[in-house]
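Trainee: Before we start, here is the structure in question, set down as structure tokens.
The values are calculated or read from the model by the stated rules, or taken from the named source; none is laboratory data. Computed from a prediction, not measured in an experiment: that's the story for all the values here. So basically every Cβ, Gly included, is an ideal-geometry build from the backbone, and we count neighbours across all protein chains shown. Please note that ligands, DNA and RNA were not included when accessible areas were found on the heavy atoms of the full protein model with its side chains. Shrake-Rupley method; radii C 1.70, N 1.55, O 1.52, S 1.80 Å.
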Amino acid sequence: MAERASSGGVQSVERVFELLELITAAGGEVMLSELATSTELPLPTIHRLLRTLVAKGYVRQLANRRYVLGPGLIRLGEGASKQLGALVRPQLRTLVDQLGETANMAVLDSDMVLYIAQVPSKHSMRMFTEVGRRAHLHDTGVGKAILAQMKDDSVRAVMARAGMPSATSTSITNVDDLLADLRLIRERGYSIDDGEQEVGVRCFAMAVPNAPTLTAISVSGPVSRVDGSFAERAVPMLRAAAEELSRDLNRATPEA
């Protein structure tokens, strides 16, 4: 019989996910000794779980004996993204119907942001964002909404790893300036990408509270339409959509 964890779950399953999360937090590559110092699990247990994950293709061991995330996780991630996209699409469509501009949903993916759902505006306009695209966190509305959920030390660490390239002349390229912007985002509850990713495009974004992974939704369009009066209408609608999505994502599954 599987050993039960204190939370009511299966202990071995919890341990597997703990190891996968530790490997992810380490940048996707780690030594066995590093895992041993990051968890209270006994070394033999770590080694046994890693062997199982390697056999299933969810972890690989390199020639230098370091463990890395395996290709098996890609299939799981793609399936989860599709399901999450299907869940959020009705909320995004409502935003587009009400506001007339493109709506997106994105999640934190390592040190980047990954767009997983989009409902485009009826206006003819080609934009940077599309489902499956990854982007930097510091110069996108959804990225900054996600960063605002982190502690400053974590933000600094992410920026040190990912860098802060300048997409436009208004992109934030200094971590102290970014932290100042994040403080404003926390105070008002939403972020603004004012031409930082694309010249002439403005985006309003908001984090989805209590999401299982750091998540944000946004509406974006040309600055000629996405102005101050647009923000007055968009922010309350974004907040309502984010709260509804939070409830959907955290709805408990009935136990068997």
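Trainee: Can you compute the modelled spin-label distance between Q11 and R60, with each label point 7 Å from Cα toward Cβ, in nm?
Mentor: 3.3 nm
Trainee: OK, next. Out of S154, L108, G77, whose Cα points farthest toward the positive end of the dipole of segment 77-252 (charges: +1 Lys, Arg; -1 Asp, Glu; placed on Cβ)?
Mentor: The residue sitting farthest along the positive end of the dipole is G77.
Trainee: Taking the Cα centre of segment 11-69 as the origin and placing charges on Cβ (Lys, Arg +1; Asp, Glu -1), which of P42, A25, G57 is farthest toward the positive end of the dipole?
Mentor: G57
Trainee: Using 1/(1 + (r/R0)^6) with R0 = 22 angstrom and r between the beta carbons of R251 and T94, what's the FRET efficiency to the nearest 0.05?
Mentor: With a Förster radius of 22 Å, E is 0.75.
Trainee: About the Cα centre of segment 77-252, how large is the charge dipole given +1 on each Lys and Arg Cβ and -1 on each Asp and Glu Cβ? Please answer in debye to the nearest 20.
Mentor: Roughly 460 debye for segment 77-252.
Trainee: Once you list every other residue whose beta carbon is under 12 Å from the beta carbon of P90, what net charge do they have if Lys and Arg are +1 and Asp and Glu are -1?
Mentor: My count for the surroundings of P90 gives -1.
Trainee: Can you give me the long-range amide H partners of L214? Hydrogens built in the peptide plane at 1.01 Å from N, cutoff under 5 Å, separation of 5 or more residues or another chain.
Mentor: Sorted by chain and number, the residues that satisfy this are L108.
Trainee: Then there's this: Determine the order of S110, S246 by accessible area, beginning with the largest, at a probe radius of 1.4 Å.
Mentor: Largest to smallest exposure gives the sequence S110, S246.
Trainee: Sticking with this one: Would segment 11-69 count as rounded, prolate or oblate if I go by the C-alpha gyration tensor, calling it rounded below 1.5 in a/c and otherwise prolate when a/b exceeds b/c, oblate otherwise?
Mentor: Judged from the Cα gyration tensor, segment 11-69 comes out rounded (a/c under 1.5).
Trainee: Which listed residue (V208, A234, L87) has the Cα farthest towards the positive end of the charge dipole for the chain, taking +1 on Lys and Arg C-beta and -1 on Asp and Glu C-beta about the Cα centre?
Mentor: L87
Trainee: Right, next: May I ask you to derive the FRET efficiency for R134 and A240 from their Cβ-Cβ distance with R0 = 35 Å, giving the value to the nearest 0.05?
Mentor: Efficiency, from the Cβ-Cβ distance: 0.80.
Trainee: Still on this structure: Taking the convex hull of the Cα atoms, report for segment 143-210 its projected area averaged over all directions, in nm².
Mentor: Taking a quarter of the hull surface, the average projection is 4.5 nm².
Trainee: Express the accessible area of the chain per residue in Å², computed with a 1.4 Å probe while the remaining protein chains stay in the model.
Mentor: 53 Å²
Trainee: May I ask you to give the percent of accessible area on the chain that is carbon plus sulfur, with a probe radius of 1.4 Å?
Mentor: That fraction is 52 percent.
Trainee: Take peptides 87-97, 46-56 and line them up by average Cβ neighbours within 10 Å, highest first, as a rough protection proxy.
Mentor: 87-97, 46-56
Trainee: Now, a different point. So who's got an amide H within less than 5 Å of the one on G221, skipping anything under 5 residues away but keeping other chains? H placed 1.01 Å off N, in plane.
Mentor: Correct list: R202.
Trainee: Determine the relative contact order of the chain: mean sequence separation of Cα pairs under 8 Å and six or more apart, normalised by residue count, in whole percent.
Mentor: Relative CO of the chain lands at 14 percent.
Trainee: Quote the convex hull volume per residue of the chain, based on C-alpha atoms, as a whole number of Å³.
Mentor: Convex hull volume per residue, Cα atoms: 152 Å³.
Trainee: Next question. Rounded to the nearest 0.05, what FRET efficiency do T37 and A157 give with R0 = 25 Å and r taken as the Cβ-Cβ distance? Could you check?
Mentor: Efficiency computed from Cβ-Cβ geometry: 0.90.
Trainee: Using 0.36 nm per residue, how much length does the chain from E187 to T173 gain when fully extended, once their Cα-Cα distance is taken away?
Mentor: Full extension of this stretch gives 2.9 nm more.
Trainee: Kindly provide the helix-only [θ] at 222 nm of the chain, computed as the sum of -39,500 (n - 2.57) over DSSP H runs of four or more divided by all residues, to the nearest 500 deg cm²/dmol?
Mentor: Only helices count here, giving -15000 deg cm²/dmol.
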